[in-house]
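Asks: Have a look at this one before I ask anything.
Quick note: the coordinates plus some simple rules give every number you see, no bench work behind them. Being a predicted model, the structure only gives us computed values, none of them experimental. Cβ sites come from the backbone with ideal geometry, for glycine too, and all protein chains shown count toward neighbours.
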Amino acid sequence: MGLGDCRYQLIDFGMGRKLESLAGYVIDRPSPAAVDKIPREPSRWKNADAKYDAEQCVWQQRQPWPEGLLVDCGGFQMPVRPTPYGHIGLFPEQHDNWRWLGSPSSESSNRQSALNLFGYTGASTVALARAGYAVAHVDAAKPNVQAARQAAMQNQLGDAPIRYLVDDAAKFAAREIRRQRQYQTILLDPPAYGHSPKGKVWRLERDLWPLLNDCLQLFGENSSRLLVTGHTAEVGQQEVVQFLRQTAFLKQFQRSSRLIIESGRSQLTDEGDRSLDAGFFVRVQTP
Ligand SMILES: C[S@@+](CC[C@H](N)C(=O)[O-])C[C@H]1O[C@@H](n2cnc3c(N)ncnc32)[C@H](O)[C@@H]1O
């Protein structure tokens, strides 16, 4: 990630945990992807400034979490803070996606619209708004939506055309179809398991496919971009690409050399140049 004082760096990982530097403030927290790995530099872990205890759901802080801590995300900064679930208000593994989202999808002089479903921290919304998109930012949890609004304000995007919606992603997409709304960029980063604001259960392996179908209906006739990411063993990039290739929406472009489908694993790289898996990504750009 970017250079300077606000840098994020994965320092080390292993034994189901990762050691990270947030602008120099060092944290130690769980990482399921590191379960069968061995830490490279065990001595570095003793000096962590904060450590998340997943059993007690508490952060143990040797040094207080710095007030107003910011992390550089490549052109914008995100506030990072300890959350009760061991999150930090940022998913640094999304770095490549922010760069992709931040490049406008067409030369059109009209303002492009983007839909960020499961938007959480708002980092992707900030990347899109900085690139001139009008963004609909949807998340089921009110505090997450408030945090996203705060992050946009801290990036001087308080007046940007961003709609903040506390809503169920699937319900919102269905409603947007009825309203005949169109988007040029749609991104989804759904959890394996979640809840709508009214408590309806979301299960990735069951609910992703109808939602993807709805998202495809929200694209207009112009060039469109879709980003799907996920963090569970049940669904991977192959299933998502296979599903998309069978849809009428993508079939019409299959022969075009300008249809771009990129997919793979998101990764974080530690100081020893080792990669830590951070789930799948699928990025689609239609002609
Ligand atoms: C994996 S996080 C998304 C992280 C996001 N990409 C980011 O970089 O900040 C999943 C988010 O989905 C939200 N969520 C869970 N179930 C939902 C639902 N049914 N509708 C909308 N949002 C939901 C959660 O509140 C959480 O903020």
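Asks: If you wrap a convex hull around the Cα atoms of segment 33-179, how much volume per residue is inside, in Å³?
Replies: With only Cα atoms used, segment 33-179 gives 158 Å³ per residue.
Asks: Could you check the spin-label model distance between Glu205 and Gln182? Points 7 Å from the Cα along Cα→Cβ, value in nm.
Replies: A separation of 3.8 nm, rounded to one decimal place.
Asks: 7 Å from Cα along Cα→Cβ at both Arg163 and Gln267: what's the point-to-point distance in nm?
Replies: Placing both labels 7 Å beyond Cα along the Cβ direction yields 3.9 nm.
Asks: Next question. Could you tell me, in Å, what Rg and Dmax come out for the Cα atoms of the chain?
Replies: Spelled out, the Cα radius of gyration and Dmax of the chain are 19.0, 58 Å.
Asks: Rounded to whole Å and sorted largest first, what semi-axes of the equivalent ellipsoid does the C-alpha gyration tensor of segment 154-194 yield via the square root of 5 times each eigenvalue?
Replies: Gyration-tensor ellipsoid for segment 154-194: 21, 17, 10 Å.
Asks: A further question follows. Longest segment of the chain with no trypsin sites (Lys or Arg not before Pro) in a DSSP loop having at most 12 other Cβ atoms within 10 Å?
Replies: Result, exposed sites excluded: 112-178.
Asks: Assign one of three labels to segment 112-196, namely rounded, prolate or oblate, based on the Cα gyration tensor with a ≥ b ≥ c the square roots of its eigenvalues; rounded applies when a/c is under 1.5, prolate when it is not and a/b is larger than b/c, and oblate otherwise.
Replies: Verdict is oblate for segment 112-196.
Asks: What is the diffusion coefficient of segment 193-287 in µm²/s, taking the Kirkwood radius over Cα pairs and the Stokes-Einstein relation at 20 °C with a viscosity of 1.002 mPa s?
Replies: Estimated diffusion coefficient is 144 µm²/s.
Asks: Right, something else. Under the rule of -39500 (n - 2.57) per DSSP H run of 4 or more residues, summed and divided by the residues of the chain, what mean residue ellipticity at 222 nm is obtained, to the nearest 500 deg cm²/dmol?
Replies: Computed ellipticity for the chain at 222 nm equals -6500 deg cm²/dmol.
Asks: So how far apart, in nm, are the two label points at Gln60 and Ser43 if each is 7 Å from Cα heading toward Cβ?
Replies: My value for the distance between the label points is 2.2 nm.
Asks: For the chain, set up a GNM with springs between Cα atoms under 10 Å and report which of Val166, Val138, Val35 has the largest fluctuation.
Replies: Of Val166, Val138, Val35, the Gaussian network model singles out Val35 as fluctuating most.
Asks: Quick one: Asp270, Asp139, Asp36, Asp277, fewest Cβ neighbours within 10 Å first, how do they rank?
Replies: Result, fewest neighbours first: Asp36, Asp277, Asp270, Asp139.
Asks: Tell me, Kirkwood radius of segment 8-51 from alpha-carbon pair distances, in Å?
Replies: After inverting the pairwise mean of 1/r, the radius is 10.1 Å.
Asks: Right, something else. With a 10 Å Cβ neighbour count serving as the proxy for reagent exposure, in which order, fewest first, do Met153, Met78, Met15 appear?
Replies: Met153, Met15, Met78
Asks: Cut-off is 10 Å between beta-carbons; in what order do Val135, Val282 appear when sorted fewest neighbours first?
Replies: Going from sparsest to densest Cβ surroundings: Val282, Val135.
Asks: How high is the relative contact order of the chain? Use alpha-carbon pairs under 8 Å, at least six apart in sequence, and give a whole percent.
Replies: Relative CO of the chain lands at 13 percent.
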